[in-house]
1. Under 9 Å between Cβ atoms, at least 6 apart or on separate chains: pull out the pairs that start in the stretch 139-165 with a residue that is over 21 Å from residue 199 (Cβ atoms) and free of Cβ contacts under 8 Å to residues at least 12 places away in the same chain and end on any residue that is open to solvent by less than 10 Å² (accessible area, probe 1.4 Å) and among the small types (Gly, Ala, Ser).
2. List the helices (runs of 4 or more DSSP H) inside the stretch 35-135, counting only whole elements, that have at least 2 residues being closer than 26 Å to residue 218 by Cβ.
3. Name the residue that is nearest to the chain's Cα centre (by Cα), counting only residues in the stretch 103-151 that are at pLDDT 90 or above and among the charged types (D, E, K, R).
4. Listed residues 161, 170; which is surrounded by fewer than 23 Cβ atoms within 10 Å (Cβ to Cβ) and either hydrophobic (A, V, I, L, M, F, W, C) or under 20 Å from residue 68 (Cβ atoms) (or both)?
5. Taking the condition open to solvent by 10 Å² or more (accessible area, probe 1.4 Å), part of a loop (DSSP other than H, G, I, E, B) and of a type outside the set (Asp, Glu), does residue 147 pass?
6. Restricting attention to the stretch 173-204, report how many residues are in a helix (DSSP H, G or I), surrounded by fewer than 21 Cβ atoms within 10 Å (Cβ to Cβ) and either modelled with pLDDT of 95 or more or not basic (Lys, Arg) (or both).
Amino acid sequence: NVCDSGISDSEMEELVSKSRLRLTISPEMRAAYEKKYRRKFWLLPPLVSEELIRIKPATSCPPAGPPRGVIIGNIWGQRWLDRLREAFRGSGFELDWYCNQKNPLFLHFDRSELERDGIRWYDPVPGAMLASVLSNYSYAVVPSGGFDDHDVPSLQAIAELSLPSKIPFLLATSQLPILVLGDARTAAARNVERLEIGASAPYDPAAVRTALERLLAPETQSA
C-alpha cells in the first residue's frame, strides 16, 4: 500500500483503524505506515524455531579449500538474479543456492550456465536439515534491489520495506556473516549493517570481492 497500488488507501485505512494490534516485519515498514496513517505500529520480525537456534558460538570450521558461500530461499526478481550472476561471474567467489522451489516459475535460467557463473543450484532442503547444511559455508549472500526505475513496484516494495526471513534464519542457525547485494538503503542492508552481522555491496564484481574479503577475515569471522 505504501510503495505499490495493490491495496487501496481506503481499504488500508479501514483495516488500520479497526485493528487492535498492528505488526510490521521491519523497522522500515513500521516507520512508513506510522507516517502515513498516524497510528502506532509494532515490530514482529521473522522468527526462528527455538530448536534450530545455535546458542553457543560456532567452533567448527568449514571444510578445507576455497571459502564457499550460500544463498537460501527465493530470489524475488529476474533482474536480481541476472545482476547476481554478473557480480559473481568475475568475482573469484562461488555460491551454492538452496531455493525454496524446484522450478521457480518467475525466474528463467539454465542451470549449467548458472554454474558457469559460479552459482550451483540445489533443490529445496527442509529447515531442520538446512540449519546443519549451513555449517559447511563461510558466508551467506542475500540478493536485494535498488531504488531505481528498473525494478517493478512490487520488487521495490520488498527491497525498501521487507526484512527477508532468511536473515534471522541465517543468523540464528549458523552465525554466518551476511552480504546483502543491492542498494545500501534497502531494509535488508540496513538491518545487517545496524546489527553488525555482515555488510552490503552493490552488484559489482570488485565491490563483491572487497566485501567478501572483509567478511572472510579471521577477526570478522570470530566477531
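The values are calculated or read from the model by the stated rules, or taken from the named source; none is laboratory data. Being a predicted model, the structure only gives us computed values, none of them experimental. Glycine also receives a Cβ, built like all others from the backbone with ideal geometry; neighbour counts cover every protein chain displayed. Heads up: the accessible areas ignore ligands, DNA and RNA and are worked out on the full protein's heavy atoms, side chains in. Shrake-Rupley method; radii C 1.70, N 1.55, O 1.52, S 1.80 Å.
1. Nothing qualifies.
2. On the way: elements: 78-89, 111-116, 127-133.
Filter on the stretch 35-135 gives 78-89, 127-133.
3. Going through the qualifying residues, I end up with 120.
4. Details: 170 fails: surrounded by fewer than 23 Cβ atoms within 10 Å (Cβ to Cβ).
Of 161, 170, the one residue that is surrounded by fewer than 23 Cβ atoms within 10 Å (Cβ to Cβ) and either hydrophobic (A, V, I, L, M, F, W, C) or under 20 Å from residue 68 (Cβ atoms) (or both) is 161.
5. Values: open to solvent by 10 Å² or more (accessible area, probe 1.4 Å): yes; part of a loop (DSSP other than H, G, I, E, B): yes; of a type outside the set (Asp, Glu): yes.
Yes, satisfied.
6. Start the filter on the stretch 173-204 by keeping residues that are in a helix (DSSP H, G or I), which leaves 173-174, 187-195.
Still in the running and surrounded by fewer than 21 Cβ atoms within 10 Å (Cβ to Cβ): 190, 193-195.
With the extra rule that they be either modelled with pLDDT of 95 or more or not basic (Lys, Arg) (or both), the set shrinks to 193, 195.
Total satisfying the criteria: 2.
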